[in-house]
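Okay, structure first, notes after.
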Amino acid sequence: MLNIENLHASVDGKSILKGLNLNIKPGEIHAIMGPNGAGKSTLANVLSGRDGYEVTQGSINFKGQSLLDMNIDIRAREGLFLAFQYPVEIPGVSNMSFLKAAMNAKRRHREQTEMDAMDFLSLIKTKAKQLQLNEEMLYRAVNEGFSGGEKKRNEVLQMLMLEPCLSILDETDSGLDIDALQIVAQGVNSLRANNRSFLVITHYQRLLNYIVPDYVHVLADGKIIKSGNKELALELEESGYVGVGS
Amino acid sequence: MSNQEVKDYLDKAYAPGFITDIESEAFLPGLSEDVVRAISAKKNEPEFLLKFRLQAYRHWLTMKEPTWAYVRYPSVNFNDIIYYSAPKKKVGPKNLSEVDPELLRTYEKLGIPLREQEMLAGVAVDAVFDSVSVATTFKEKLADAGVIFGSFSEAVHNHPELIERYLGTVVPYTDNFYAALNSAVFSDGSFCFIPKGVRCPMELSTYFRINAAKTGQFERTLIVAEESSYVSYLEGCTAPMRDENQLHAAVVELVALDNAQIKYSTVQNWYPGDKNGRGGIYNFVTKRGDCRGHRSKISWTQIETGSAITWKYPSVILRGDHSVGEFYSVALTNNYQQADTGTKMIHIGKNTTSTIVSKGISAGHGQNCYRGLVKVLKSAENAKNYTQCDSLLLGSECAAHTFPYIEVKNSTASIGHEAATSKISDDQLFYCLQRGMNQEDAINMIVNGFCKQVFKELPMEFAVEAQKLMAVSLEGVVG
């Protein structure tokens, strides 16, 4: 699914990622943990193609193609999804029409016909219900006036609708109470399949009680310094990042 | 009228019902008292109208072209203009294959039906007209309700007393340079009269006024709503309008008596000039509504995407107590377009209320300026105004300017003003792209969201067209 080799990236000339390697196979869930400033969000932004992140060395292979040669929107249409740490507000654009535009962009890319309006409506209502999102939120402007928890659940709603093959969750758990965390996790789990992969970026082990990863990696100073199974997360919780990798 | 009927009607060419039969000829360029007299004579106008035109002309001679607007253009030589030309039988293209493909592509993007495309492009259509056309049905329905709706010239002959009573009472010929010029030489326009207690049974659209295609550069429109009547009037269309006349100076007057309500919606898409700013229409318009009666209401909604230069301030005089004035505007300038537009709300009556929502969008080298006046006279106890003007910039070569003027002579007034200028944020764009939309769709979506407050004031069909129009107007803009 995704193979990152010796990735070096910098922001404003400052080197952040310094030789990162990661291989994610279809159906796997990988968690990346690490202290602030380790480069976790930089990795998410480089993968999604955000401006201002310069790859200076290395390669990224996504489904057999060079990811770095694709534009942001092409990456998305090929199935790469980023659940934002800080979801963006778009005044005047309803959540519903935003998602519809996204769905149809993806469908056109796959040379499918646009989705029937009624089918779309019933699908989005079902998914919203699953995430315990009030139906009224579908008609409100994208993320405008949403609480922190609502914004995060809205990200997962988009993920469920778009059914990406690679989902990157950038600190989706931050700012969520335990109930919301469970709802989000349950949403993510419902999407698990042997042709889909997840990259879960988090500070805390807490989320990984609900989204159980196949692999846990510790990112520090731009490199993965340790990898293991889900037990590693628990270990980190006890000894902290300082004790790892030394 | 059902949508299908409307569509069927639009698929037809204009029926030859009441196109004024004028011989095919044009005056020599230039303006003089003789030209004004000749225009009036050609149109066989009553004495009062000739007098009105002459007074306007004499006053115009004493006036200077205004220079206060934030627009730049080479000065107009008013003696180069032909002030009267009969609708000539144009040798139009025989079919759409002879029409500028650029224009056709735009029609297509706007979703305009094929037959209507032919009509707009001026293709000579040998249509066989049904005796019971939709237009006839339309006229009959209006007549049943007692509504008078037709060309201004027609009304001058059929209802001279109404014209004499109301013409120039909202925008006097002394008002400004272009209003004076228009009053002297106006060609034609619309007249609409809604009698007491009547709710006009349909939206009145210039689409349905058969002479619309022939109204020239000096258009004159007058709408009178008697006591407790209601009318919604739609002007213009989203299709790009080309015209060989560069200078347009229209005057629109609205009169609302007690409890009457007029809703006036405009989509202006005159030729804006090419990408380098060559050509394009100069649109200098005076639009004003008079809430003459108590509890009357006038709303202006405008979508301005065309013209090289737009100079336009649809205003409301809130004369009657408890009267309400509204102005909702989207003005978009791309390439080298310039727009200086806004409104004036003049509070005279007690408990009068006005609302102003202005959305300016600049792209390319576009210059977009909001200019608004809220004036509360001493007599206007408890006047209320709310103004919101927002600007959106796309790119770094364009500019937005805001000139709000507030004059308050009564301390009970409450005035609220909010203004914001924003650029389409990289974050918003990235968010849309990450969800798979391409850059163009993403910009259109963000821009349409920005305009939503205004679009929702438009009649439904118009609102949908307006969204498409924004997309076409913003083509090629890179954020």
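The values are calculated or read from the model by the stated rules, or taken from the named source; none is laboratory data. Keep in mind it's a predicted model, so treat the numbers as computed, not measured. Cβ: placed from backbone, ideal geometry, glycine included. Neighbour counts: every protein chain shown. Side chains are part of the model used for accessible areas, which takes the heavy atoms of the whole protein and leaves out ligands, DNA and RNA. Shrake-Rupley method; radii C 1.70, N 1.55, O 1.52, S 1.80 Å.
Would you confirm whether any residue within the range B:386-408 is of a type in the set (S, T, N, Q), under 24 Å from B:Tyr70 (Cα atoms) and exposed (fewer than 15 other Cβ atoms within 10 Å of the Cβ)? Step through it out loud before you land on a result.
Residues of the range B:386-408 that are of a type in the set (S, T, N, Q), as a first pass: B:387-388, B:391, B:396, B:402.
Subsequent filtering for residues that are under 24 Å from B:Tyr70 (Cα atoms) retains B:387-388, B:391, B:396, B:402.
When the remaining residues are screened for being exposed (fewer than 15 other Cβ atoms within 10 Å of the Cβ), the result is B:396.
Yes, some residue in the range B:386-408 is of a type in the set (S, T, N, Q), under 24 Å from B:Tyr70 (Cα atoms) and exposed (fewer than 15 other Cβ atoms within 10 Å of the Cβ).
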Test set (1) more than 10 Å from every other protein chain (Cβ to nearest Cβ); (2) in a loop (DSSP other than H, G, I, E, B); (3) more than 24 Å from the chain's Cα centre (by Cα) - B:Leu458 fails condition number: (3)
Residue satisfying all of: in the range A:165-218; of a type in the set (S, T, N, Q) and touching a helix residue (DSSP H, G or I) at 6+ places or on another chain (Cβ under 6 Å); nearest to A:Leu2 (Cα to Cα) among these: A:Ser167
The range B:257-281, residues that are closer than 17 Å to B:Thr353 by Cα and either over 15 Å from the mean Cα position of the chain (by Cα) or at pLDDT below 90 (or both): B:Leu257, B:Asp258, B:Asn259, B:Ala260, B:Gln261
Of all residues in the range B:282-318 being among the β-branched types (Val, Ile, Thr) and either at pLDDT 90 or above or touching a helix residue (DSSP H, G or I) at 6+ places or on another chain (Cβ under 7 Å) (or both), the one that is farthest from B:Thr266 (Cα to Cα): B:Ile317
Filtered residue count, the range A:9-27, keeping only those that are closer than 18 Å to A:Lys226 by Cα and either hydrophobic (A, V, I, L, M, F, W, C) or touching a residue at least 24 places away in the same chain (Cβ under 8 Å) (or both): 8
Answer from B:Ser411, B:Ser422, B:Ser391 - the residue that is of a type in the set (Ser, Thr, Tyr) and over 30 Å from A:Asn104 (Cα atoms): B:Ser411
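Residue by residue, here is whether (1) within 30 Å of B:Asp426 (Cα to Cα); (2) over 18 Å from the mean Cα position of the chain (by Cα); (3) free of Cβ contacts under 8 Å to residues at least 40 places away in the same chain holds:
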| site | (1), (2), (3) |
| --- | --- |
| B:Ile346 | no, yes, yes |
| B:Gly349 | no, yes, no |
| B:Gly366 | yes, yes, yes |
| B:Ser391 | yes, yes, yes |
| B:Glu397 | yes, yes, yes |
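To keep it simple, each residue is scored yes or no on (1) among the aromatic types (Phe, Trp, Tyr); (2) within 21 Å of B:Phe430 (Cβ to Cβ); (3) at pLDDT below 95.
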{"site": "A:Ile24", "(1), (2), (3)": "no, no, no"}
{"site": "A:Met33", "(1), (2), (3)": "no, no, yes"}
{"site": "A:Ala38", "(1), (2), (3)": "no, no, yes"}
{"site": "A:Asp51", "(1), (2), (3)": "no, yes, yes"}
{"site": "A:Glu54", "(1), (2), (3)": "no, yes, yes"}
{"site": "A:Ile60", "(1), (2), (3)": "no, yes, no"}
{"site": "A:Gly64", "(1), (2), (3)": "no, no, yes"}
{"site": "A:Ile74", "(1), (2), (3)": "no, yes, no"}
{"site": "A:Leu82", "(1), (2), (3)": "no, yes, no"}
Matching residues in the range A:152-167 - criterion: being open to solvent by 10 Å² or more (accessible area, probe 1.4 Å), charged (D, E, K, R) and within 13 Å of chain B (Cβ to nearest Cβ): A:Glu163
Output for the range A:137-151, where each listed residue is open to solvent by less than 60 Å² (accessible area, probe 1.4 Å) and among the charged types (D, E, K, R): A:Glu150, A:Lys151
A:Ser167 vs. criteria part of a strand (DSSP E or B), within 16 Å of the chain's Cα centre (by Cα) and either within 23 Å of A:Lys40 (Cα to Cα) or aromatic (Phe, Trp, Tyr) (or both): yes
Test for B:Leu254: is it modelled with pLDDT of 95 or more, in contact with a Phe, Trp or Tyr (Cβ under 9 Å, 6 or more places away or on another chain) and on the phi < 0 side of the Ramachandran plot: yes
Number of the condition not met by B:Ile303 [criteria: (1) free of Cβ contacts under 8 Å to residues at least 60 places away in the same chain; (2) in contact with a strand residue (DSSP E or B) (Cβ under 8 Å, 6 or more places away or on another chain); (3) over 16 Å from B:Val255 (Cα atoms)]: (1)
Number of the condition not met by B:Lys109 [criteria: (1) assigned to a helix (DSSP H, G or I); (2) modelled with pLDDT of 70 or more]: (2)
Qualifying positions in the range B:409-447 - small (Gly, Ala, Ser) and either surrounded by fewer than 16 Cβ atoms within 10 Å (Cβ to Cβ) or more than 14 Å from chain A (Cβ to nearest Cβ) (or both): B:Ser411, B:Ala413, B:Ser414, B:Gly416, B:Ala419, B:Ala420, B:Ser422, B:Ser425
Members of the range B:339-371 found to be polar (S, T, N, Q) and buried (at least 24 other Cβ atoms within 10 Å of the Cβ), listed by number: B:Thr341, B:Thr343, B:Thr352, B:Ser354, B:Ser358, B:Ser362, B:Asn368
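Given the residues B:Val324, B:Val376, B:Val330, which is the only one that is open to solvent by 10 Å² or more (accessible area, probe 1.4 Å), farther than 14 Å from B:Ala399 by Cβ and in contact with a Lys or Arg (Cβ under 7 Å, 6 or more places away or on another chain)?
It is B:Val324.
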B:Pro101 open to solvent by 60 Å² or more (accessible area, probe 1.4 Å) and either out of contact with any Ser or Thr (no Cβ under 8 Å at 6 or more places or on another chain) or modelled with pLDDT of 80 or more (or both): yes
Subset tally (residues that are buried (at least 18 other Cβ atoms within 10 Å of the Cβ) and hydroxyl-bearing (Ser, Thr, Tyr)) for the range A:80-96: 1
The range B:149-180, residues that are over 15 Å from B:Lys43 (Cα atoms) and touching an Asp or Glu at 6+ places or on another chain (Cβ under 9 Å): B:Tyr166, B:Leu167, B:Gly168, B:Thr169, B:Val170, B:Val171, B:Phe177, B:Tyr178
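One line per residue, one yes/no per condition, for (1) at pLDDT below 65; (2) part of a helix (DSSP H, G or I):
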{"residue": "B:Phe48", "(1), (2)": "no, yes"}
{"residue": "B:Lys51", "(1), (2)": "no, yes"}
{"residue": "B:Pro66", "(1), (2)": "no, no"}
{"residue": "B:Phe78", "(1), (2)": "no, no"}
{"residue": "B:Lys88", "(1), (2)": "yes, no"}
{"residue": "B:Arg105", "(1), (2)": "no, yes"}
{"residue": "B:Glu118", "(1), (2)": "yes, yes"}
{"residue": "B:Phe138", "(1), (2)": "no, yes"}
